[in-house]
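Structure, as structure tokens:
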Amino acid sequence: MSKKRLLFAASEVYPFAKTGGLADVAHALPKALTERFDVDVVMPLYQSIDREQYAIRPIGEKFEVSMGNAAYEVQLFGCTYQEVRYRFVYSPLLCEREFLYGPPHSGYEDNALRFGIFNYALLAMMQMSEYAIAHLNDWQCALVALLLHERPEIHTRTLFTIHNLAYQGTFPSEILSDLGIDEKYFTMEGIEFYGQVSFMKAAIAYADAVTTVSPTYAKEILTEEFGCGLEGFLRAHRKKLVGILNGIDTEHFSPQNDTVLLTPYSDLKGKRINKSDYLKSVSLKGINKPLFVFIGRFTGQKGMQILIDTLPKLAGLECNVAILGEGEESYREEVEKLAHAHRNVYFHFGYDEVQSHRMYAAADFLLMPSLFEPCGLNQLIAFAYGAVPIVHHVGGLIDSVKRFEKFDPDAKNGFGIAFERPSERACLHAMAKAMDLYQDKKLYNAIVKHNMNCDFSWTESAKVYADLYDTLSR
Ligand code: ADP
């Protein structure tokens, strides 16, 4: 029997373009699905993507998509990477930009049109070939679910994944006609959101199934605290909402095979060599002191204020701290000041995949004081590289990080240090626990070894997605 065809759409996919965890998921999940489905991963062909490096070539003739009263020229491109088939949508308005979504802290003003074109191009692909399922990720491809509602002749079923409810794609209502969307959809049951147009709502309303990236986040987003204004709407659609925990690509995030490490490793001895190399490279001293790292976007969500508030006290302990991230300028200034004031704090502002891998390899502890966390991948990567995560117990961090106080070497889960309240005090308490745990070498080493041997791959969760696709397209 031939495999069902799956169109997997996302606005960023590693290694072509990445600003966060979505790109990792859109790279690794389709890879894990190819055994059961015939997959096309589709994304925009941003100007930053190196066409030569990945042998990305045009496919077929250029065509036009009509949206509102305008027509936009589209060319599809393709390549195969790590045995997965990729399709790229090229249209000048969508792709010819310095950034994917806009300069730091702001989106491009015409993002509704840009991603509108992406959605219409996806629809055109579904008209050209028959797909059993379209898996749509985040607001940038959410309109497809609504557009398909108007095209009963296309039998593709849709699954929409919320990777982060804080980014909903809301735009002024005037955009409706430019997007070619009938006024009848501009209602509370449709895409109207406090007088604006919400891309995210289009998919929650019209997709056949909605998933989010962890079971706990699936429950949290039904509450006022985490629902970002959509809690009531999500509650109305809760029957089709399910939380499926993300995994990581264990080939890419593998300390044994990681080519960017000076010494790939599979045990604590090898990890110590990486720690020593890394400390030297950033002029930090003290191989026997615990190294705490933070890697992530500098936004409120990631608990930046807690990090900034606790950093002076953490730096006062016998430890080293290394921070890598980019984002809001005010956070950058604060962290920069603190790094200047403390010799045992290193800070690199920017996005640097290679450096991030070296930091996971060197770290004894990974800091994740996130205020909310749909799933979080950093803690899974940290487990794989033998760094113990210190997390605010929220969202996917509850599902993936078990408390080290209940360490059970036979458990399937990874263990770390968890705190319940997103406060400076609770985080400091967790940091103090980390210092103590580090002294208890027997327990610390047992936890690290256990975590490194757990399975954080996509194998289990990909099966859940595949079963869901099958159910939808039966
Ligand atoms: P997000 O909310 O940003 O998507 P996730 O935890 O889901 O957070 O995924 C973050 C991914 O981005 C991880 O692979 C992490 O290592 C990576 N990452 C975040 N910031 C940086 C950075 N400044 N440089 C390199 N990699 C980064």
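At-a-glance table
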item	result
Accessible surface of D178 - all protein chains present, 1.4 Å probe, nearest 10 Å²	70 Å²
Dipole magnitude of region 268-452 about its Cα centre (Cβ charges: Lys, Arg +1; Asp, Glu -1), debye to nearest 20	760 debye
Kyte-Doolittle mean at least -1.0 and Cα axial length at least 15 Å: DSSP H helices in the chain	21-33, 111-128, 304-315, 424-439, 441-453, 459-472
H340 versus L93: modelled label distance in nm, points set 7 Å from Cα along the beta carbon direction	4.5 nm
Counted charge near F226, where neighbours are those whose Cβ lies closer than 13 Å (Asp, Glu -1; Lys, Arg +1)	-3
Solvent-accessible area per residue for the chain (1.4 angstrom probe, square angstrom)	42 Å²
Carbon and sulfur %, accessible surface of the chain computed with the full protein complex present, 1.4 Å	50 percent
Those chymotrypsin sites (Phe, Trp or Tyr not before Pro) in region 25-91 that DSSP places in a loop and that have at most 14 other beta carbons within 10 Å	none
Eligible lysines near K4 by straight Cα distance, threshold 18 Å, same-chain separation 8 or greater	K31, K463
Distance between modelled label sites at N445 and D178, nm, 7 Å Cα→Cβ extension	6.2 nm
Three-way shape label, the chain, alpha-carbon gyration tensor, a/c 1.5	prolate
Calculated [θ] (222 nm, deg cm²/dmol) that DSSP helices of n ≥ 4 give over the chain, each run adding -39,500 (n - 2.57)	-10500 deg cm²/dmol
Top positive-direction residue, dipole computed over the chain with Cβ charges, set M126, P312, T34	P312
Estimated dipole of the chain in Debye, rounded to 20 [Cβ of Lys and Arg +1, of Asp and Glu -1, Cα centre]	1600 debye
Dipole of the chain, positive end: most advanced residue of F160, T259, N137 [Cβ charges, Cα centre]	T259
Spatially proximal lysines relative to K285 (Cα-Cα < 26 Å; intrachain offsets below 8 disregarded)	K269, K271, K275, K313, K337, K433, K441, K442, K449
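The values are calculated or read from the model by the stated rules, or taken from the named source; none is laboratory data. Please read these numbers as outputs of a predicted model, since none were measured by experiment. Don't worry about glycine lacking a Cβ; one is built from the backbone with ideal geometry, like all the others, and counts go over all protein chains shown. With ligands, DNA and RNA removed, areas are computed over all heavy atoms of the protein, side chains included. Shrake-Rupley method; radii C 1.70, N 1.55, O 1.52, S 1.80 Å.
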